Amino acid sequence: MLLEQPEAQRVPRREMRGCTAIVTGGASGLGRAIGLEFARRGVNVAFNYIELPGRDISAQALLTETTLRSYGVEVFSAHCDVRNRDGVERFVAQVREELGEIHYLVNNAGIHHDGALWRLSEEAWREVVDTNLTGSFNCIRAVTPHFRQQHYGKIVSIASHQAYSPGFGVANYAASKAAVVGLTKSAAVELGAFNINVNAVAPGFVRTELIGTLPPEVLADAEAGSVLGRIAEPEDVSHVVVFLCSDDARHITGQVIFVDGGLTLH
């Protein structure tokens, strides 16, 4: 006699419209592009920022907030340093108060202080590692209780092709991004039972305002090193990030998606 097999449990799909995303470092550059892609999908957006030397980030944050609102979504932004665990906890609490439950976290905030490793100061090492790695950990740790409680959440961290194929003078940056990959895989293992997907995106060079600070020969080498012969536009990366937050990617976790034009193929 054949025994009737129980029907496999199906996880219901969740539409993105009306959900809420946190994008760290979302005032400008890649973070801004990710926020805009969420807004196009009808997702409410919260982002944090800090002031940086020589740049009026507060003004950029206001412009980004205005642009996001033009898509008809709710928006919240605040000054918050991801290196400060208590500050991150307060920011997450504010987001929940203003926008309700959080569904997506994108760890985009990051910095670099390049230099040959034998010349790297302790401050340059710590600032990069504390921002890129510890900042990502602080944010994941802050949202995890809420994601576990609602049995749903998507986390995407921005890694880098240089975690796998570093150039000269990026020891601190490459190390921090390689550690972000390790954090991503570990978090995916620990949180999978709670229906929480954790992935990373590893861009190559992306055409943001910071690209202008690089020497022209570095950009030329980046274009020549890409099998597509170009560097990425912010939208090339933001589309992949938002895809990983959608339920179209609900069976992808613990993975690193390269958006580098083939730089790491060499």
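Laboratory data are not the source of any read-out in this text; all were calculated from the coordinates shown. It should be emphasised that the depicted structure is a prediction, and the values quoted were computed from it without experimental measurement. When we count neighbours, we look across all protein chains shown, and the Cβ atoms used for this are built from the backbone with ideal geometry, even at glycine.
Quick look at the numbers
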item	result
With Cα atoms, 0 to 90° folded angle of helix 135-150 axis to the chain main axis	10
At 1.306 mPa s and 10 °C, Stokes diffusion of the chain via Kirkwood alpha-carbon radius, µm² per second	84
Fluctuation leader among Gln255, Gln149, Gln94 - the chain, Gaussian network, Cα springs under 10 angstrom	Gln149
Nearest-ten-degree value, helix 234-245 long axis tilted from longest Cα axis of the chain	30
Expected 222 nm ellipticity per residue - DSSP helices of 4 or more, -39500 (n - 2.57), all of the chain, to 500	-13000 deg cm²/dmol
J(HN,Hα) series, region 118-127, from Karplus relation 6.51 cos²θ - 1.76 cosθ + 1.60, nearest Hz, glycine and proline x	6, 10, 5, 6, 4, 5, 5, 5, 5, 4
Longest DSSP-loop-exposure-free segment, chymotrypsin sites (Phe, Trp or Tyr not before Pro), the chain, at most 13 other Cβ within 10 Å	1-117
Karplus-derived 3J(HN,Hα), 6.51/-1.76/1.60, for each residue of region 167-172, Hz, glycine and proline x	x, 7, x, 10, 4, 5
Cα-based shape type of region 113-266, given that a ≥ b ≥ c are square roots of the gyration tensor eigenvalues and the cut on a/c is 1.5	oblate
For Val198, residues with placed amide H under 5 Å, excluding near neighbours	Ile155, Gly254
Whole-Hz ³J(HN,Hα) from phi, Karplus 6.51 cos²θ - 1.76 cosθ + 1.60, for region 248-263, glycine and proline x	5, 10, 5, 10, 10, 7, x, 10, 10, 9, 7, 10, 10, x, x, 4
Helix 85-99 vs. the chain, principal-axis angle (Cα, 0 to 90°, nearest 10)	50
Choice from Ala222, Ala59, Ala187 with maximal GNM fluctuation in the chain (Cα, 10 Å cutoff)	Ala59
